Structure formats: structure tokens, C-alpha cells
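Engineer: Below is one structure. I have some questions about it.
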Amino acid sequence: MHLALRDFSLPPLPPPDPIYPTSPPSVVMPLYVTAAHSSRVKKPAKRPALSHSSSASFANLPRTKPSIRKAKSLPAAIDDELDEGEDGEEDRLIPSGKVLSTVSIESAKDVLTAVQYARASMFAALPERAGMNSVRIAAVLNFQRNMPAIVSLAHVHALVAASSKTEREIAALQNAGKLRKIKVTGRGNDISGLSEVLITMQDLQALLERSDVAPDARADFCDVLRRYPRAASIPSQELPAPHVAALTRTGFLVSSSLAGSRNLSLAGSSLVSMPKVSRAASGSSGAVGGDAAFENLGGVGAARRSKSSFHHAQGSQEGELALSVPNIGPYLRLLQSGRTHLLQLLGRSKYKEAPLYLLRERWDGAVDSESRVSTAKQIRGEFSEVMPAKTKKWKDLYGLNFDWVLEECLGAGLIELFETRSVGLGVRALT
């Protein structure tokens, strides 16, 4: 049986379209036209393989010269930020016209209460979170305890009004044996109030009892003080040599270098000059007050003397000993440092004046306080400002109180307090 074979051949192709010719054109195109530069495929450049060693990886980094910058402590940085914020937009305080010459304290109405108040308010209380170790806390407390119970004359004038009345009250207390005035040579002048300090006889006797002076020497010394109630120095012949040596060693007596004393000769002062005395009722110095004539007539400080009285007083005091108290040197250095620091804080302001509250904040520093904000930060474990141990108040000034230093500078005439129209009391430097 023969099977018919099916023709599986492909059908013929259709004729080519004349629009799309199958053969290439006769015109040959140039090679640079076939592909644009943007269409070229570029392979990334091979980067050098980093070594596993750390020295090789850091060696390829660009080198830069390190800038030398001194690191600042946190209190210094805060002070700089405060200074930068205050400069530029700081204006003068607008005064209301009232200037305060004294500070009104309810518990300081006379000289004795002013002395007691100044002694009690000298140092601030040690905060609970002070940031000090036990050694530093002991050093601060011992320094405060060893301060003598003396008060500068300028501080008393800042608390009690009417300087002439204050001087008369001081002279009366001296005559009554309740107060002693100690003249400090080489420490300022009478105007600044740093050369004269006051101490009550009760405090002076307490210092004598706590010292190593023998009881018989203490009794003789107190007897001499009662016989010379207004003297700033005593004759060396009034005490035996062993007693003088013991009192000098403990700091109650020093070699006198005074050029004159107020109670020896007051003829050089214009207030108690011969014309003034001759016009008195009896024509004698007793008529104008005797030893207290200078204060009774309104004098403040030491009386001026002529050259003849100066040489006479200098020759008569060659064998005298000046009164003093132990640790008076650290007291005067701390007092001077406190005054200087307060004036430096005022100097940060453009016009050397600042509101009282702002000056107080500068003195205390940005310390950790007991406010609600600080307490909340402590609970959350966040940093809460600066510890008191890092501030100058506790680091260098042993916790010196701001109000105490302010009263010192006010009585010395270094600053003035004035009322403003918007921010309360203002403080202005006068130097």
C-alpha cells in the first residue's frame, strides 16, 4: 500500500517590502556617529583593597593639623556664657533718685548689736550637697572657727546711720570698758575702714581664756586695758618682760610702729585746734570732751597732726606695744579678697552696675539648689548645675556671705546702693 507523502515544505516568503530594504545602503556611515559618548559603558575604577590592620586604614585618611585649645572648667564656661549673653544688649539701670547709704537691719540698731550681727552673718551655712570631701569640709569649718571676733569699722558704719553719732557711741563704749578699737598699721587707711577694727571686751577676754597665756599674765593684761580704755597701744613698762613675751607670742601684742595715737595729742586736728578749745566754756580740752573730743565734734578716723606733735609722739612711743588679736592676718586677707572679688563681678557689666539679685547670683555661682527644678533633675539622675565646691565662694573665700561683703564695700565707700524703677535695688561701683 502506497501512502501519499504530504508535502511539508515551507511556503515561499513574501516579497520584501520596498520600504524596508534587506540589503544595507550603499553609503557607509562613519564610526564615531554610531554611538554617543554618553552611552558608553564605563567600568568603575578599582579601589585599593584596605588592609585589615588599623594602621593601614588610618594612613589613607587626610592629615589635618590639630588645633590647640585649652579646655575650660564648667564654672568658667558658664561665666563666659553669661558674659556673652549680657554684653551687646545691656543697658544702664534707670535709677529712681534714691540712694541708700546704709543697710537697714532690724537686729542691728546700735554699735554693739551691729558688731554682733556682723560676726554672726560672716559665713554662709555649709550646704548638704557641697561636693567636698571630709578633709576639705574640716578645713573650711576650722578656718571659720578660727576667725577672730572682730569687725571692721566700715562694716559698723554700713549698718548704723549717722557716722558722727556712731563715732561718739564708740568712744562712749570705750570709756565704759565694753569695746576696744584696734589700730592695724599698713592696712589701708581710715577712709576705707580696713585699718581699724572693733572687738568687745567680752570677746577679747574669751580669746585670752582660750589661749596659752598664764592666768597671772591674763589678769595683768586685763588690768592694763582697764586703766587705758581708749589706748591703741600700751607702754611696755606696764607689764613684766615674761608677760610681754607670752602675749606677743600668742598674738595679743605686737611691736608698735604707730606714728601717733589719737588720745596722746589732738592739737593737730582742726576740730580740736586751739581756737576751738579757747572758745569753749572753760578754755580747756576737757570742755570739748577730753580724749573723746575728736568724736564728739563729728570727727571720723584719725586726727591730723602737725610736724612738731608728730615727732613728739614718735619719741614717746618707742617703748610701746600695739594691741592686736590672734589670726588677724587671715581675717584681713579674707576681707580684702572678698572686696576685690565683688568689685570684679561688678566690672563684668558694661557700666559697672548691676541689679542686686544678679550680683548675688554671680557671687553664689550656678550652684545646685533646693529648688523644684534641681530636685526633679536629681530624681531623674540628670546633671544639676555646679557643685558649691567648684565656685570661688567656697573654693577660695571659705563660704563668705554675699550680704556681709556687700555691707563691707558699702561702708568702705567702694559701692553704692540705689533704687531702680524696674529691677529693685541696684549696685554701682564707685572706683
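The values are calculated or read from the model by the stated rules, or taken from the named source; none is laboratory data. All of these numbers come straight from a predicted model, not from anything done at the bench. Ideal geometry is used to build each Cβ from the backbone, glycine not excepted, and the neighbour counts take in all protein chains shown. Note: accessible area is taken over every heavy atom of the protein model, side chains too, but ligands, DNA and RNA are not part of it. Shrake-Rupley method; radii C 1.70, N 1.55, O 1.52, S 1.80 Å.
Engineer: So in the stretch 179-189, with the set limited to residues that are surrounded by 15 or more Cβ atoms within 10 Å (Cβ to Cβ) and assigned to a loop (DSSP other than H, G, I, E, B), which one is modelled with the lowest pLDDT?
Structural biologist: The initial filter retains those residues of the stretch 179-189 that are surrounded by 15 or more Cβ atoms within 10 Å (Cβ to Cβ), namely 179-184, 187-188.
Still in the running and assigned to a loop (DSSP other than H, G, I, E, B): 184, 187-188.
Values: Val184: 84, Arg187: 55, Gly188: 50.
Result: Gly188.
Engineer: A further question follows. Is it the case that the stretch 159-168 has a residue that's in contact with a Leu (Cβ under 9 Å, 6 or more places away or on another chain), open to solvent by 10 Å² or more (accessible area, probe 1.4 Å) and aliphatic (A, V, I, L, M)?
Structural biologist: no
Engineer: Right, here's the next one. Could you list, in sequence order, all residues of the stretch 94-116 that are acidic (Asp, Glu) and either touching a residue at least 40 places away in the same chain (Cβ under 8 Å) or under 20 Å from Val427 (Cβ atoms) (or both)? Write out each step before concluding.
Structural biologist: The first filter runs over the stretch 94-116 and keeps only residues acidic (Asp, Glu), leaving 106, 110.
Answer for the stretch 94-116, where residues must be acidic (Asp, Glu) and either touching a residue at least 40 places away in the same chain (Cβ under 8 Å) or under 20 Å from Val427 (Cβ atoms) (or both): just Asp110.
Engineer: Which number in (1) surrounded by fewer than 20 Cβ atoms within 10 Å (Cβ to Cβ); (2) modelled with pLDDT under 90 marks the one condition that Gly193 misses?
Structural biologist: (1)
Engineer: Is the stretch 337-354 home to any residue that is within 24 Å of the chain's Cα centre (by Cα), more than 24 Å from Ala138 (Cβ to Cβ), at pLDDT below 85 and among the acidic types (Asp, Glu)?
Structural biologist: no
Engineer: Sticking with this structure for a sec: May I ask you to say which residue of Ala241, Ala130 is touching a Pro at 6+ places or on another chain (Cβ under 6 Å) and surrounded by fewer than 20 Cβ atoms within 10 Å (Cβ to Cβ)? Break it down stepwise before answering.
Structural biologist: Numbers: Ala241 fails: touching a Pro at 6+ places or on another chain (Cβ under 6 Å).
Only one candidate qualifies: Ala130.
Engineer: Of the residues in the stretch 137-156, how many are touching a Leu at 6+ places or on another chain (Cβ under 9 Å) and free of Cβ contacts under 8 Å to residues at least 24 places away in the same chain?
Structural biologist: Here the count works out to 2.
Engineer: Residue check: is Asp212 open to solvent by 30 Å² or more (accessible area, probe 1.4 Å) and in contact with a His (Cβ under 9 Å, 6 or more places away or on another chain)? Explain how you work it out, then say what you get.
Structural biologist: Numbers: open to solvent by 30 Å² or more (accessible area, probe 1.4 Å): yes; in contact with a His (Cβ under 9 Å, 6 or more places away or on another chain): no.
Answer is no for this residue.
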